[in-house]
Amino acid sequence: AFIALFSASLGTGFNVDKIIIGSIMLLVPGLAITNAIRDTIAGDLLSGLSRSLEALMVAGAIAAGTGITFKIWIYIFGGV
């Protein structure tokens, strides 16, 4: 997020939202969520629950990192 905001402030990046979404999509734990659902359906409830909790924690960490970057950028530079 910082690199996207910095490149937009220099004029090399035009759409900050599209740059950030494109970079975050590589980090989304889609396979882990799919495996958690598969384990739950197969009857491995503890494994499915732990994998889904892990995937939710990773997704939350990605969202928190991006949000904190935005908050710091807005606090220091005053806007996007």
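The values are calculated or read from the model by the stated rules, or taken from the named source; none is laboratory data. Since the model is a prediction, treat every value here as computed from it, not as a measurement. Note that each Cβ is placed from the backbone with ideal geometry, even for glycine, and that neighbours are counted across all protein chains shown. The protein model used for the area step is the full one, side chains on, heavy atoms only, and it has no ligands, DNA or RNA in it. Shrake-Rupley method; radii C 1.70, N 1.55, O 1.52, S 1.80 Å.
At-a-glance table
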item	result
Relative contact order (percent, whole number), the chain, Cα cutoff 8 Å, 6+ residue spacing	28
Top positive-direction residue, dipole computed over segment 4-80 with Cβ charges, set 49, 66, 7	7
About the Cα centre, charge dipole magnitude for the chain (Lys/Arg +1, Asp/Glu -1 at Cβ), debye	160
With all protein chains modelled, accessible area of residue 62 [1.4 Å, Å²]	40
At most 16 other Cβ within 10 Å, DSSP loop - chymotrypsin sites (Phe, Trp or Tyr not before Pro), the chain	14
0 to 90° range, to nearest 10: angle between helix 30-42 axis and the chain longest Cα axis	20
Accessible area of the chain divided out per residue, in Å², using a probe of 1.4 angstrom	73
CD proxy at 222 nm, helix term only [per DSSP H run n ≥ 4: -39500 (n - 2.57); per residue of the chain; nearest 500]	-26500 deg cm²/dmol
Read-out Rg/Rh (Cα atoms, Kirkwood Rh), derived from the coordinates shown; its label in [x] 1.01; [y] 0.98; [z] 1.18	[z]
